[in-house]
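So the structure is just underneath, and the comments pick up after that.
Read-outs throughout are calculated quantities, based only on the coordinates presented, and are distinct from any laboratory measurement. Keep in mind that what you see is a predicted model, and the values were worked out from it rather than measured. Here the Cβ positions follow ideal geometry from the backbone for every residue, glycine too, while neighbour counts run over all protein chains shown.
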Amino acid sequence: MQSIDWSVYIITDERAAGQRSLPEVVSAAIQGGATVVQLRAKTMTTRAMVELGHALHAITRAAGIPLIVNDRIDVALAIDAEGVHVGQDDMHAVLARRLIGPERILGISTATVAQAQQAERDGADYLGVGDIFGTPSKPDAGPPIGLPRLAEIVRAVHIPILAIGGITLDNAASVIEAGAIGVSVISAVVGAADPAVAARQLRERIAAARSKQPV
């Protein structure tokens with residue numbers, strides 16, 4: 001997987017999916033234009049998460065896009081996922097990199113310039129920066145950091161930055177204008193009535209915002 005399109009990075013959430021299965025939702029989102037999928041299942045048993053991971057990986061592999069596993073390095077290795085994403089309270093990035101090796105993708109959640117710069121030094125391939133606007137999907141996310149902080153972090157590092165936290169179709173362009181390479185979403189796509197349409201509209205909005213930026 002040489003080049004990654006980070007435009008629309010979706011994160012799985014059983015509650016957001018409602019009565020629909022996550023493979024069904026992810027498949028629709030990819031058809032609409034999702035470019036990266038993260039398997040996040042904080043309350044799922046290990047066995048169930050591995051089974052879901054295999055099902056999702058079959059879908060993402062067929063589409064030629066990466067599957068990232070949140071926090072659970074054991075699950076990522078078990079299903080041969082393309083990468084892992086860790087937060088500030090998860091396994092240290094240096095240890096995560098040692099376990100997954102140099103070829104897999106390592107993403108790290110950050111909210112400050114200092115965290116972002118440390119994550120880059122520790123070997124992160126990309127950063128999930130936020131909470132930008134305030135999110136209903138993660139009650140413990142803390143106060144929103146806003147667009148000025150996002151722009152400050154973008155200027156402080158040299159790796160791709162995904163904006164996360166309360167991203168919607170209406171505000172997606174603003175995070176791209178602030179320097180993010182893409183958006184990371186749960187509710188906006190996984191929770192949408194039609195994930196395919198939601199992903200397509202989001203990707204179009206991001207492409208339009210990029211086209212207005214100076215080359």
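Applying the set (1) over 17 Å from the mean Cα position of the chain (by Cα); (2) surrounded by 19 or more Cβ atoms within 10 Å (Cβ to Cβ); (3) aliphatic (A, V, I, L, M) to Ala208 leaves exactly one unmet item: (2). For Arg47, the conditions (1) buried (at least 18 other Cβ atoms within 10 Å of the Cβ); (2) farther than 28 Å from Glu204 by Cα; (3) of a type outside the set (Asp, Glu) all hold with the exception of (1).
Exactly one residue out of Val37, Val84, Val25 is closer than 19 Å to Gly191 by Cα, in contact with a helix residue (DSSP H, G or I) (Cβ under 8 Å, 6 or more places away or on another chain) and assigned to a strand (DSSP E or B): that is Val37.
Would you point out the residue of region 117-130, among those that are buried (at least 22 other Cβ atoms within 10 Å of the Cβ) and not aromatic (Phe, Trp, Tyr), that is nearest to Ser184 (Cα to Cα)? Going through the qualifying residues, I end up with Gly128. Restricted to region 59-81, and to residues there that are in contact with an Asp or Glu (Cβ under 7 Å, 6 or more places away or on another chain) and part of a loop (DSSP other than H, G, I, E, B), the residue that is surrounded by the fewest Cβ atoms within 10 Å (Cβ to Cβ) is Asp71.
Filter region 184-203 down to the residues that are under 22 Å from Gly130 (Cβ atoms) and without any contact (Cβ under 8 Å) to a residue 24 or more places away in the chain, then identify the one that is surrounded by the most Cβ atoms within 10 Å (Cβ to Cβ).
Checking each candidate, the answer is Ala188.
From the list Ala173, Ala196, Ala209, Ala192, pick out the single residue that is in a helix (DSSP H, G or I), in contact with a helix residue (DSSP H, G or I) (Cβ under 6 Å, 6 or more places away or on another chain) and within 22 Å of Glu14 (Cβ to Cβ). Walk me through how you get there before you give the answer.
Values: Ala173 fails: within 22 Å of Glu14 (Cβ to Cβ); Ala209 fails: within 22 Å of Glu14 (Cβ to Cβ); Ala192 fails: in a helix (DSSP H, G or I).
Exactly one of Ala173, Ala196, Ala209, Ala192 is in a helix (DSSP H, G or I), in contact with a helix residue (DSSP H, G or I) (Cβ under 6 Å, 6 or more places away or on another chain) and within 22 Å of Glu14 (Cβ to Cβ), namely Ala196.
Considering region 1-22, the residues that are among the aliphatic types (A, V, I, L, M) and assigned to a loop (DSSP other than H, G, I, E, B) include one that is surrounded by the fewest Cβ atoms within 10 Å (Cβ to Cβ), namely Met1.
Flag not set for Ala163, criterion: part of a loop (DSSP other than H, G, I, E, B) and surrounded by 20 or more Cβ atoms within 10 Å (Cβ to Cβ). Of all residues assigned to region 41-49, at least one qualifies as being farther than 22 Å from Gly166 by Cβ and in contact with a Lys or Arg (Cβ under 7 Å, 6 or more places away or on another chain).
Results for (1) in a loop (DSSP other than H, G, I, E, B); (2) within 17 Å of Ala180 (Cα to Cα); (3) touching a Ser or Thr at 6+ places or on another chain (Cβ under 7 Å), shown as yes or no for each residue.
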residue	(1), (2), (3)
Arg97	no, no, no
Leu106	no, no, no
Ser109	no, yes, no
Gln117	no, yes, no
Phe133	yes, yes, no
Pro144	yes, yes, no
Arg149	no, yes, no
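Give region 90-107 a look and list any residue that's buried (at least 16 other Cβ atoms within 10 Å of the Cβ) and under 20 Å from Ile65 (Cβ atoms), or say none. Correct list: Ile100, Arg104, Ile105, Leu106, Gly107.
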